[in-house]
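K.L.:
First the structure, then my questions, so here it is.
Since every read-out is calculated from the coordinates, none of them should be taken as a lab result. For clarity, every value in this text was computed on a predicted model and none was experimentally measured. Backbone-built Cβ (ideal geometry, glycine too); neighbour counts: all protein chains shown.
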Amino acid sequence: MQPALSRSYHLRFVGDWGQANFHRICSWLCEEFCKRAGPRSRVAIWSIRAGGIEAIDLVQEGEVDLCLVTPAMLMPAALTGQSIFQGRAAPNLRSLAVLPQNDRMVLALRPDLGIRSFEELRSRRPALRIATSRNDGTNFIGYISRLFMAAHGIDEATLAAWGGSYVEDTNPRDSLARMEAGEVDGVLQEAIMTPWWARIVESGLAVPLSAEPSALARLRADHGFPANALPAGYWKNLETPVEALDFSDFLVLVRDDMDEEVAHLLTWCLVETREAIERQYRHLPPQRSPLSYPIDPARMARPSIALHAGAQRYYREAGLLA
């Protein structure tokens, strides 16, 4: 039997900048929730302006009810105010689900530079202009990108000493567009499954560098970030695997004091109506989809931040949690 709430609710969700996957997911969840809640139920979907951390702030402060964030590996630090979350701890965050997305962060350079490894990069010390996201305290991509480079022995001061610099935007699409337009010498980004990445690599405009095992080991030891290699053939001209840093999975987050019946229904909608969101991505091969499919309910029940009590109740009723 489908759940139904007699009470009407007005909810506020935070998605992305407006045209990406979080807004699409919020729209799906908005419709499925309101169909099963009281007759005057409404959902507003808010956009972000910066790099994503403000969505967590808004949920923690109670200004909104739900947000989506990525990568899942970074988010436990928000609970205690560590890492990028220093000074803005969010101890009241709870999850409804984790949605699968198989993503990586990769550095790629212009092929005419003749650099094919981080070892060659450190040896030659070129004055590179690298397109990436801002490291402004709000942007998860920008923050992790600097940790990634520092783990390879190239912190921002080192890059500047070579005469190089970062060319910063907020959205990955803008960084990759700069690389495609020839405005920069390299790009350091995630969203690896997008057409933007495929165009610059398969057209020969960019050559991805494999991350070094020692750097990946350091990132795991110091920050808990796992590795996630790109297999040979991921792009048409990729003949060997590319070692990379994981940047996977979307977390659906709420506060711990959300009404239990609301959290339960939202979680029910996420799991039981997942076909409605999956079909919006099936025109893409699974490895090219920014939302991986098929979505596994058992995996949804294992997010990196503890589940809300209402979500726990749903997963237990569904036999997905003991």
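K.L.:
Pull out a ≥ b ≥ c, the square roots of the eigenvalues of the alpha-carbon gyration tensor of segment 104-246, then state rounded if a/c is under 1.5, prolate if not and a/b is larger than b/c, and oblate in the remaining case.
P.N.:
Rounded, since a/c falls under 1.5.
K.L.:
Right, something else. Count charges around PRO231 for me, please; just the other residues with Cβ under 12 Å from its Cβ, Lys/Arg as +1, Asp/Glu as -1.
P.N.:
Taking every other residue near PRO231 into account, the sum is -1.
K.L.:
Right, another one. What list do you get for HIS10, HIS308 if you sort them by fewest beta carbons within 10 Å?
P.N.:
HIS10, HIS308
K.L.:
Right, here's the next one. For each of ARG24, ARG110, count neighbouring Cβ atoms within 10 Å of the residue's Cβ, then give the residues from fewest to most.
P.N.:
ARG24, ARG110
K.L.:
Give me ARG94, ARG12 sorted ascending by neighbouring Cβ count inside 10 Å, so fewest comes first.
P.N.:
ARG12, ARG94
K.L.:
Which label marks the calculated value of semi-axes √(5λ) of the Cα gyration tensor in Å, given the options (i) 34, 30, 23; (ii) 27, 25, 19; (iii) 37, 20, 17?
P.N.:
Given (i) 34, 30, 23; (ii) 27, 25, 19; (iii) 37, 20, 17, the structure-derived one carries the label (iii).
K.L.:
In the neighborhood of ASP246, defined by Cβ-to-Cβ distances under 13 Å, what is the net charge if each Lys or Arg adds +1 and each Asp or Glu adds -1?
P.N.:
Residues close to ASP246 contribute a combined charge of -2.
K.L.:
Please determine, in degrees from 0 to 90 and to the nearest 10, the orientation of helix 213-223 with respect to the longest principal axis defined by the Cα atoms of the chain, where the helix direction is its Cα long axis.
P.N.:
Roughly 40 degrees, rounded to the nearest 10.
K.L.:
Nearest 10 degrees is fine. How inclined is helix 21-34 to the longest principal axis of the chain, computing both from alpha carbons?
P.N.:
0
K.L.:
Can you give the helix-only mean residue ellipticity at 222 nm for the chain, where every DSSP H stretch with n ≥ 4 adds -39500 (n - 2.57) and the sum goes over all residues, rounded to the nearest 500 deg cm²/dmol?
P.N.:
When only DSSP H runs of four or more count, the value is -9500 deg cm²/dmol.
K.L.:
Further question: Can you tell me the 0 to 90 degree angle between the C-alpha axis of helix 140-151 and the longest principal axis of the chain, rounded to 10?
P.N.:
It works out to around 40 degrees.
K.L.:
Now for a separate question. Work through the residues other than ASP185 whose Cβ is under 15 Å from its Cβ and net out their charges, Lys, Arg +1 and Asp, Glu -1.
P.N.:
Taking every Cβ under 15 Å from that of ASP185, the sum is +1.
K.L.:
May I pose another question? How much of the DSSP bridge set in the chain is antiparallel, in percent, rounded to the nearest 5?
P.N.:
Counting only bridges with both partners in the chain, antiparallel ones make up about 60 percent.
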